[in-house]
Amino acid sequence: MASMTSLYLCNRTVYAAVGSPARGGAALSVVCQAELPEGCLINGIITNEAALTAALKEFFSANALPAKRVALVLGGSQFQHKVLTLPDLPDKKLRSIVTKELGMGAGSQTLDDWMLLRRDMKAHSQTVLATRVERSVIEGLLSAAKGAGLTLCCIDTGLSCLIKLVRAIPALAGRTFILLAFDGENLAALLFVQGQYSYSTRSRLFNTRGTPEAAAEIAQKLSGILQFHLTNKSDHRITDVYFAKCGAGELESCRPGAEALGLTVSMLPDVPGLRLPSGCCAADAVFAAGSFVGR
């Protein structure tokens, strides 16, 4: 398959990966990131399109990134996500149900989509991750991408890319665990029960990463997820927390607080079949690498 550039946009740090998707995996030749000018993109919302467009042009040029087949991955609290269990129906009928289940606000000003999480053949049902976003959010980012000379082949969300990446790691199949993925000063926390995505939060850290204060704040977030899981009266205990997009020193600073909660602490394992540049691991490339999984 032709080479593709995966581009993740949400906050000041922009991430990209270049590779050739193949059956059962992909070979990534480039994994890179850069800082955008301050104030041009905040939580997925463009605040200065001209500055963002110019920065993307420079980013693609400086890293020699192919611009003709770009998978745009978007994040931010502007995306409304909801896990739904629905009848196993054709897409056309399913779309109307998804829109209804997402609640008020549907119409020409919003875009709805969904990702299949799992099917229950006996119950003739499917569980999906439904997503809604304001049309203006997407249109603004499409305009910036076009202005930067990028040709898009698809659009995805950071959450769905993280889910796809986790599902491609056999060592995590059937496990009940938390994934913490850092995006600058923002933290995505995902709960998986028996290997299946269940719940997630996204929040900004109030304390500087790597400090004892930040470690205590992260421990509080883990405690909140544990309490949420207990409230749901699950029979499956959360055993592990995996970290992504953080250094070894930051992981070690968070270890005592997580272990005090009974959690085993590790970096996210690598993905079989996903070949990365020397010195890079899956935990370093989660937001951009997820686009290559399942293609």
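Results, tabulated for the structure shown:
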read-out	value
Meets criteria (at pLDDT 90 or above and more than 19 Å from residue 154 (Cα to Cα)) for residue 83	yes
Some residue of region 168-177 being more than 14 Å from the chain's Cα centre (by Cα), assigned to a helix (DSSP H, G or I) and over 23 Å from residue 289 (Cα atoms)	no
Residue list for region 153-184, restricted to those being surrounded by fewer than 16 Cβ atoms within 10 Å (Cβ to Cβ) and in contact (Cβ under 8 Å) with a residue 40 or more places away in the chain	153, 154, 170, 171, 184
Residues located in region 47-74, provided they are more than 19 Å from the chain's Cα centre (by Cα) and hydrophobic (A, V, I, L, M, F, W, C)	50, 51, 52, 54, 55, 56, 59, 60, 62, 64, 65, 67
Meets criteria (assigned to a loop (DSSP other than H, G, I, E, B), within 29 Å of residue 11 (Cβ to Cβ) and charged (D, E, K, R)) for residue 122	no
Answer residue from region 263-283, given it is free of Cβ contacts under 8 Å to residues at least 24 places away in the same chain and surrounded by fewer than 14 Cβ atoms within 10 Å (Cβ to Cβ) and is nearest to residue 211 (Cα to Cα) among those	279
Qualifying positions in region 109-130 - under 23 Å from residue 43 (Cβ atoms) and without any contact (Cβ under 8 Å) to a residue 40 or more places away in the chain	109, 110, 111, 112, 113, 114
Test: residue in region 256-272 that is modelled with pLDDT under 95 and in contact with a Ser or Thr (Cβ under 8 Å, 6 or more places away or on another chain)	no
Filter result for residue 226 (in a helix (DSSP H, G or I), in contact with a strand residue (DSSP E or B) (Cβ under 7 Å, 6 or more places away or on another chain), surrounded by 13 or more Cβ atoms within 10 Å (Cβ to Cβ) and of a type outside the set (Val, Ile, Thr))	no
Candidate set from region 190-223 (those that are among the hydrophobic types (A, V, I, L, M, F, W, C) and in contact with a strand residue (DSSP E or B) (Cβ under 9 Å, 6 or more places away or on another chain)); member that is nearest to residue 254 (Cα to Cα)	218
Of the criteria (1) touching a residue at least 24 places away in the same chain (Cβ under 8 Å); (2) closer than 30 Å to residue 59 by Cα; (3) in a loop (DSSP other than H, G, I, E, B), which one residue 206 fails	(1)
Residue in region 8-21 that is farther than 28 Å from residue 204 by Cβ, in contact with a strand residue (DSSP E or B) (Cβ under 8 Å, 6 or more places away or on another chain) and modelled with pLDDT under 90 present	yes
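Table: residues versus (1) of a type outside the set (D, E, K, R); (2) under 28 Å from residue 190 (Cα atoms).
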position: 37; (1), (2): yes, no
position: 44; (1), (2): yes, yes
position: 52; (1), (2): yes, no
position: 55; (1), (2): yes, no
position: 58; (1), (2): no, no
position: 63; (1), (2): yes, no
position: 71; (1), (2): yes, yes
position: 76; (1), (2): yes, yes
position: 85; (1), (2): yes, yes
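The values are calculated or read from the model by the stated rules, or taken from the named source; none is laboratory data. These figures come from a predicted structure and were not determined experimentally. Methodologically, a virtual Cβ is constructed for each residue, glycine included, from the backbone with ideal geometry; neighbour enumeration extends over all protein chains shown.
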